[in-house]
Amino acid sequence: MNKSHPYYPLIYALYVSILSGFATAETLHVLRQAPDVFLCSWIAGLTLCAYLWIHISARLREKAVPEPIYLILIVVVLYFVLRFAWLIRAYLPYHLLLIIAFITLGYITVLRYKGQTLSLRRIPFLKLPMIAFSFFAADILLPSEILNVSLPWYYLVAKGLFFIGICFPFDLRDINEDQSSNVRTIPAHFGAKFFSLFSIGFVAILVITFFGIRKTHSLALEGSLISLILVFLNNYLYRRFPSSTYLLLLADGQILISYLIMLVLIN
């Protein structure tokens, strides 16, 4: 589907929210907890609300009226998200929720005051880390905190780097938009060629790190490693075919692939 399709943002939001649910399911599996459809659906709902708000706020900045389906859906999903949050309120880590909300909304929302544009995304080189942290905190840290079970440090490192790697192709996609909007990302500031070399160096460090950890720790890490290699293969293909929407969808899809590889390796 072309990105210009009027319902592409909606379909993409649903796609990413489902993947977020699978990432939560992976976390539960690593924690050796029983599958919890409600918890996975709740975090998927949070993700869906964030992506719907991205589209709605963009339309508002353009002084256009958001499509009714987006407004209706965000109200309905937010209702169920808040209802479930009320049911588990005794277990919620409010400090973590506030941090996630601040970073996510601060990244999405763009305010204009006295001719100045205010947004966290305007802080140099923080766009990619903020997006990666939002997914990492919501899909990895939040379930762990709610269940009050600690995740191994090496798994936290692996998944943190994994989410950073997934975000790389999207920085390449947005390079022209970021340059015109004065958003300083690595590819927008230093160029796509430098970013390609940076990506190669990043994955080389990751491979060394993963194999160093692998000597003493879980096979689950290999799922993340294999999937990360696929992410960087995807980055290479995206540089060759920058108009391909399917390659971007595949980059996000590494979340599911990582989970499936982990299940195969562990079981």
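Being within 21 Å of His95 (Cβ to Cβ) and either in contact with an Asp or Glu (Cβ under 6 Å, 6 or more places away or on another chain) or buried (at least 20 other Cβ atoms within 10 Å of the Cβ) (or both) narrows it down to one residue among Leu141, Leu151, Leu120, Leu161; which is it? Every option except Leu141 fails the conditions. The condition of being at pLDDT below 95, more than 27 Å from Leu151 (Cβ to Cβ) and buried (at least 17 other Cβ atoms within 10 Å of the Cβ) holds for only one of Tyr51, Tyr70, that being Tyr70.
Count of segment 75-89 residues, restricted to those that are surrounded by 14 or more Cβ atoms within 10 Å (Cβ to Cβ) and either touching a Gly at 6+ places or on another chain (Cβ under 6 Å) or among the aromatic types (Phe, Trp, Tyr) (or both), is 3. For segment 61-71, a tally of residues being assigned to a helix (DSSP H, G or I) and either touching a Pro at 6+ places or on another chain (Cβ under 7 Å) or within 18 Å of Tyr12 (Cβ to Cβ) (or both) returns 3.
Look at (1) in a loop (DSSP other than H, G, I, E, B); (2) surrounded by fewer than 16 Cβ atoms within 10 Å (Cβ to Cβ) and you find that Ile205 fails only one, number (1). For Leu156, only one of the following conditions fails: (1) modelled with pLDDT of 85 or more; (2) of a type outside the set (Ser, Thr, Tyr); (3) assigned to a helix (DSSP H, G or I). What is its number? So Leu156 meets the others, but not (1).
The values are calculated or read from the model by the stated rules, or taken from the named source; none is laboratory data. Since we're looking at a predicted model, the values are computed, not measured. Cβ atoms come from the backbone with ideal geometry, glycine included; neighbour counts cover every protein chain shown.
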